[in-house]
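Asker: After the structure tokens below, expect a handful of questions from me.
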Amino acid sequence: MNRDSAFAIVQEYVSNENLIRHMLAVEAAMRFYAEKLEQDQELWGMTGLLHDFDWEIHPTLDEHPMAGVPILRDKGVPEEIIQAILSHAEHTGVPRTTLMQKGLFACDEITGLITAVALVRPTDLWMI
Ligand SMILES: [Fe+2]
Ligand SMILES: [Fe+2]
């Protein structure tokens with residue numbers, strides 16, 4: 001598994017541009033923090049890139065991200081990435097115990113906030 005094969009999975013299962021942008025943003029944030037914390041940038045980056053890959057095919061919390069796991073296993077995605085993906089969603093019950101799992105949860109949140117702030121246009125500010 002490398003970045004190209006991880007991105008190929010994203011391209012196979014995701015067509016929504018905003019969702020792809022979200023996963024690319026989380027990938028970038030994960031790589032930044034992996035470097036900062038002297039962790040494996042490739043591993044952290046791929047985890048961010050793949051974490052919501054099944055949202056389009058499993059768009060409910062009854063399914064996402066659990067139902068995507070068999071697909072990831074079939075594609076040869078390392079278990080460390082799969083466990084981190086499971087842990088990013090509270091309802092899976094998979095605890096966040098590793099630095100990478102905690103990093104994914106944090107990067108998922110912070111990139112959402114940054115994207116929302118970036119989308120606020122200056123002309124909207126008078127209403128706040
Ligand atoms: Fe998610
Ligand atoms: Fe996400």
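Any read-out appearing in this document is the output of simple, stated calculations on the displayed coordinates, not a laboratory observation. This one's a predicted model, so the numbers in the text were calculated from it and none came from an experiment. Don't worry about glycine lacking a Cβ; one is built from the backbone with ideal geometry, like all the others, and counts go over all protein chains shown.
Asker: Relative to the first principal axis of the alpha-carbon coordinates of the chain, what is the inclination of helix 41-50, with its axis defined by its Cα atoms, in degrees from 0 to 90 and to the nearest 10?
Answerer: For 41-50 against the chain, the angle is about 80 degrees.
Asker: Give, in whole angstrom and from largest to smallest, the semi-axes √(5λ) of the equivalent ellipsoid of the chain, with λ running over the eigenvalues of the Cα gyration tensor.
Answerer: Working through the eigenvalues yields semi-axes of 24, 17, 15 Å.
Asker: If each of ILE57 and GLU90 carries a label point 7 Å out from its Cα toward its Cβ, how far apart are those two points in nm?
Answerer: That separation, rounded to one decimal, is 2.8 nm.
Asker: Here is a further query. Based on the Cβ-Cβ distance from ILE114 to ALA8, what FRET efficiency comes out when R0 is 25 Å, to the nearest 0.05?
Answerer: Here the calculated transfer efficiency is 0.40.
Asker: Separation of region 85-128 and region 52-78 by C-alpha centroid, Å?
Answerer: Region 85-128 and region 52-78 have Cα centres spaced 19 Å from each other.
Asker: Which value in deg cm²/dmol, rounded to the nearest 500, describes the helix-derived mean residue ellipticity at 222 nm for the chain, given -39,500 (n - 2.57) per DSSP H run of n ≥ 4 and division by the residue count?
Answerer: That comes out to -18500 deg cm²/dmol.
Asker: Considering only DSSP states other than H, G, I, E and B, which GluC sites (Glu not before Pro) in region 1-54 qualify as loop sites with at most 15 other Cβ atoms within 10 Å?
Answerer: GLU38
Asker: Sticking with this structure for a sec: Can you give me the angle between helix 3-13 and the longest principal axis of the chain, using Cα atoms only, in degrees from 0 to 90, rounded to the nearest 10?
Answerer: 80 degrees
Asker: Where in region 13-45 is the amide nitrogen less than 12 Å from a point lying 7 Å along the Cα-to-Cβ axis of THR123?
Answerer: Backbone N within reach: none found.
Asker: Give me the three principal axis extents of region 38-95 from the C-alpha atoms, as integers in angstrom, largest value leading.
Answerer: 35, 24, 16
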